[in-house]
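Below is one structure, written out as structure tokens; comments come after it.
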Amino acid sequence: MNSVIPPNDIKRARRATPKGRQVEPQALEELRALLGTKPRRRDLLIEHLHALQDHYGHLSASHLAALAQEMRLSLTEVYEVATFYHHFDVVKEGEPAPAALSVRVCDSLSCELAGAKELLAKLPKILGRDVRVVPAPCVGRCETAPAVHVHQNPVLNATLEKVKAAVENRETSCPMPKCLDYAAYRKAGGYRLIADCLAGRRTRDEITKIMEDAGLRGLGGAGFPAGRKWRLVAAEQAPRLMAVNIDEGEPGTFKDRYFLERDPHRFLEGMLIAACCAGVGEIYVYLRDEYAGCRALLERELSELKTNPPCALPPIHLRRGAGAYICGEESAMIESIEGKRGMPRLRPPYVAQVGLFGYPTLEHNMETVFWVREIVEKGAAWYSSHGRHGRKGLRSFSVSGRVKRPGVHLAPAGITVQELIAEYCGGMQQGHAFYAYLPGGASGGILPAAMGDIPLDFDTLQPHGCFIGSAAVMILSDKDKAVDAARNLMRFFRDESCGQCTPCRVGTAKALALMDGPRWHQPLLGELSQVMMDASICGLGQAAPNPVLCVMKHFPHEVK
């Protein structure tokens, strides 16, 4: 029988230092110099990670340890956030730092159709070892595909020569777009409506009723009635917050950037009106990181607005995404604003009840509030007078693919894709015949040209296994295959899954593997799709099977 040694008699070697990675004094000094007097609050973790990434080109182990100590967080909390987002380059202990310059080539569907694969294959040899070339998910410039980012500078309609020239000339900063600035907007009557609201000349109930009568629905994809959302949030107990989503990561979508680059104050005034009607006291604007030029523009125009305000303003905070499609989902965006991984929340409770920092939160897409001022000034009847085929309102269609004039086209709700191509897009490109289309971006499904007479609007596409979403319309021609498009989209969903729930995390990877061969295992794909739709936590996993199911239903000749 073994004897038991009393614990006090066991000799243990004393550690010279506490457990865990030790903070290097130099790294801590560098971090403090970089952050200066900025608050060390938890919700600013992603902003501070951006500061390190921007300054050093990567996130070193020593700086992450220093940041954890400075913010009084565990190193695990800092690492899990830093490694979640695509745009943070975390360098582990002993690993070499990445190349000083990164070239990101968008490989989403519109860019793949325009030649992204060739760029990815040839650019590493042309640019050399000092430049890192990596594939990137949609960067929101589908109308100028293929799109390449040289650091933050977008190279549009990219060719090998254009990208090489941008790298050689060190064109790494995104130019600021020219827009209707604060002075010009005020001169044209801007901010008069919000001033009238706050002065009591226009009541909250009056304006909310106009929005309800107009029938404006959320234009980020979900389509929830805007006026109804205002009333729901206003009915909750104060304080209330607002979160504006400009993280349009859906492949094929770029309408928010289009409007923001041209008329940012129409969006800002609409945002303030919505906040006033819902009784909101503080606003957070979440902008995707790929839009560096828009970020600089918003920072400048917000500064002008705050310096010379037309009326009392609530606190407005601009927050920067870090490359995660999932943060387009409202609760994942809220998690990201709070400085966490962008993982969707289980609901109920809904964000209108328990949202940002635990307070009732009005969440809106940027384009939804962009329309508020014009609808209120022109009346509900003006907005609802537009439309075709029994539908009402206007839609901003982000059109890309095989058309002569891709771009954002403002058209009547209910227009068909055939009408959209002929009347707004100049027809198909030379030598291309209309073959298929995606009516609602990556998750909205794929339909054949023979079904091109369906009105494009909310609730019209669901009977066909599709939906309009954010109205991102991608056009395929007889030179393309629907199966190739579906593979591209499923690869995107696999890479962008947050990993929180098994049906999405495992299902997207399994589905892509089943789609790799020339023959699809259709019964198994059908069962897997049903599980993903029934059991995934959020819309990513629930909608990811749509392209697969549409191909099997409408393009059976392509999957044997």
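The values are calculated or read from the model by the stated rules, or taken from the named source; none is laboratory data. Quick caveat, the model's predicted, so the values are computed rather than measured. When we count neighbours, we look across all protein chains shown, and the Cβ atoms used for this are built from the backbone with ideal geometry, even at glycine. Protein only, heavy atoms only, side chains kept; ligands, DNA and RNA dropped before computing areas. Shrake-Rupley method; radii C 1.70, N 1.55, O 1.52, S 1.80 Å.
Observations
- Take the conditions (1) within 20 Å of the chain's Cα centre (by Cα); (2) open to solvent by 30 Å² or more (accessible area, probe 1.4 Å); (3) in contact (Cβ under 8 Å) with a residue 24 or more places away in the chain; T83 misses just one of them, which is (3).
- Of the numbered criteria (1) modelled with pLDDT of 95 or more; (2) part of a loop (DSSP other than H, G, I, E, B), the one Q26 fails is (2).
- Neighbours by Cβ (under 8 Å, 6+ apart or cross-chain): first from the stretch 496-507, without any contact (Cβ under 8 Å) to a residue 40 or more places away in the chain; second surrounded by fewer than 20 Cβ atoms within 10 Å (Cβ to Cβ) and of a type in the set (D, E): P503/D534
- Sub-8 Å Cβ pairs linking a first residue in the stretch 440-454 that is in a helix (DSSP H, G or I) to a second residue that is open to solvent by less than 10 Å² (accessible area, probe 1.4 Å), at least 6 apart or interchain, are A449/A436; A449/Y437, ordered by first then second residue.
- Yes/no for A296 being of a type in the set (A, V, I, L, M, F, W, C), at pLDDT 95 or above, closer than 12 Å to V369 by Cβ and out of contact with any Gly (no Cβ under 8 Å at 6 or more places or on another chain): no
- Here is the figure for the stretch 76-112: residues that are at pLDDT below 95 and in contact with a Lys or Arg (Cβ under 6 Å, 6 or more places away or on another chain) total 2.
- For the stretch 71-120, filtering for residues that are in contact with a helix residue (DSSP H, G or I) (Cβ under 6 Å, 6 or more places away or on another chain) and of a type in the set (D, E) leaves 3.
- The single condition among (1) among the aliphatic types (A, V, I, L, M); (2) open to solvent by 50 Å² or more (accessible area, probe 1.4 Å); (3) assigned to a loop (DSSP other than H, G, I, E, B) that A99 does not meet is (2).
- Given (1) in a strand (DSSP E or B); (2) crowded, with 24+ Cβ neighbours inside 10 Å, number of the condition C327 does not satisfy: (1)
- Unique residue being buried (at least 16 other Cβ atoms within 10 Å of the Cβ), closer than 16 Å to S110 by Cβ, at pLDDT 95 or above and among the aliphatic types (A, V, I, L, M) when the list is A511, A472: A472
- Per-region count, the stretch 174-191, residues part of a helix (DSSP H, G or I) and either surrounded by 16 or more Cβ atoms within 10 Å (Cβ to Cβ) or touching a residue at least 60 places away in the same chain (Cβ under 8 Å) (or both): 4
- Flag for Y350 being aromatic (F, W, Y), free of Cβ contacts under 8 Å to residues at least 60 places away in the same chain, open to solvent by 40 Å² or more (accessible area, probe 1.4 Å) and at negative phi: yes
- Some residue of the stretch 131-154 being β-branched (V, I, T), surrounded by fewer than 21 Cβ atoms within 10 Å (Cβ to Cβ) and closer than 23 Å to Y325 by Cα: yes
- Cβ-Cβ distances below 6 Å connect the following pairs, each with a first residue in the stretch 299-328 that is without any contact (Cβ under 8 Å) to a residue 40 or more places away in the chain, a second residue that is in a strand (DSSP E or B) and among the hydroxyl-bearing types (S, T, Y), and a separation of six or more residues or different chains: H317/Y284.
- Qualifying residue in the stretch 372-391 (condition: within 26 Å of C504 (Cβ to Cβ) and touching a Lys or Arg at 6+ places or on another chain (Cβ under 8 Å)): no
- Checked against (1) among the hydrophobic types (A, V, I, L, M, F, W, C); (2) under 30 Å from E377 (Cα atoms); (3) touching an Asp or Glu at 6+ places or on another chain (Cβ under 8 Å), V139 passes all but a single condition, namely (2).
- The stretch 475-508 - residue that is out of contact with any strand residue (DSSP E or B) (no Cβ under 8 Å at 6 or more places or on another chain) and among the hydroxyl-bearing types (S, T, Y) and, of those, surrounded by the most Cβ atoms within 10 Å (Cβ to Cβ): T508
- Listed by position, the helices (runs of 4 or more DSSP H) inside the stretch 232-314 whose residues that are open to solvent by 20 Å² or more (accessible area, probe 1.4 Å) number at least 3 are 255-262, 292-307.
- Whichever residue in the stretch 24-46 is acidic (D, E) and surrounded by fewer than 18 Cβ atoms within 10 Å (Cβ to Cβ) and, among such residues, is nearest to the chain's Cα centre (by Cα): D43
- If you go through the stretch 330-347 and keep only what is assigned to a loop (DSSP other than H, G, I, E, B) and farther than 19 Å from G541 by Cβ, you end up with E338, G339, K340.
- Some residue of the stretch 444-457 being open to solvent by 10 Å² or more (accessible area, probe 1.4 Å), of a type in the set (V, I, T) and under 15 Å from S110 (Cα atoms): no
- Residue within the stretch 163-173 that is open to solvent by less than 80 Å² (accessible area, probe 1.4 Å), closer than 24 Å to G407 by Cα, in a loop (DSSP other than H, G, I, E, B) and not hydroxyl-bearing (S, T, Y) present: no
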